[in-house]
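Notes follow once the structure below has been shown.
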Amino acid sequence: MNITDVRIRKVNDEGKMKAIVSITFDDEFVVHDIKIIEGQNGLFIAMPSRKMSEGDFRDIAHPLVSETRNKIRDAIFEEYEKVLTRKAAEAEEATAEKPEE
């Protein structure tokens, strides 16, 4: 199974949740609502989950083997870095275009 598309749908500059991601496999299957979260030890991904009646959360979809989770994580972080770089370049460009007062 190959990852054929990663879309960063929403990027947050503030708070612990940094982005919401959709990932497509083999141009045939998509998983929405994967979250990029800032934890104590850096960024990690959280698979889509649902709150259970007991108050805890349970993943709706998740990889069964760690190699697959790592592949998904690496693809997501690679695209996330591209988005952050693009946003920084756009902000720098906007700042450079402002006339000085």
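The values are calculated or read from the model by the stated rules, or taken from the named source; none is laboratory data. Owing to the predicted nature of the structure, the values given are computational and were not obtained by experimental measurement. Methodologically, a virtual Cβ is constructed for each residue, glycine included, from the backbone with ideal geometry; neighbour enumeration extends over all protein chains shown.
Quickly run through region 11-29 and pick out the residues that are among the hydrophobic types (A, V, I, L, M, F, W, C) and closer than 15 Å to A75 by Cα.
A19, I20, V21, I23, F25
Restricting region 16-29 to residues that are modelled with pLDDT of 95 or more and aliphatic (A, V, I, L, M), which is farthest from V83 (Cα to Cα)?
I23
Suppose we keep only residues that are within 15 Å of Y80 (Cα to Cα) and in a loop (DSSP other than H, G, I, E, B) within region 1-15. Which one would you say is farthest from the chain's Cα centre (by Cα)?
D13
Can you work out which of the residues in region 29-55 that are surrounded by 14 or more Cβ atoms within 10 Å (Cβ to Cβ) and of a type in the set (G, A, S) is nearest to S66 (Cα to Cα)?
Result: A46.
Only one of R73, R58 is basic (K, R) and either loosely packed, with under 10 Cβ neighbours inside 10 Å or in contact (Cβ under 8 Å) with a residue 12 or more places away in the chain (or both); which?
Only one candidate passes the filter, namely R73.
Quick one: which strands (runs of 3 or more DSSP E) lie wholly within region 21-97 and hold at least 1 residues that are in contact with a Phe, Trp or Tyr (Cβ under 9 Å, 6 or more places away or on another chain)?
Hits in region 21-97: 29-39, 42-46, 49-51.
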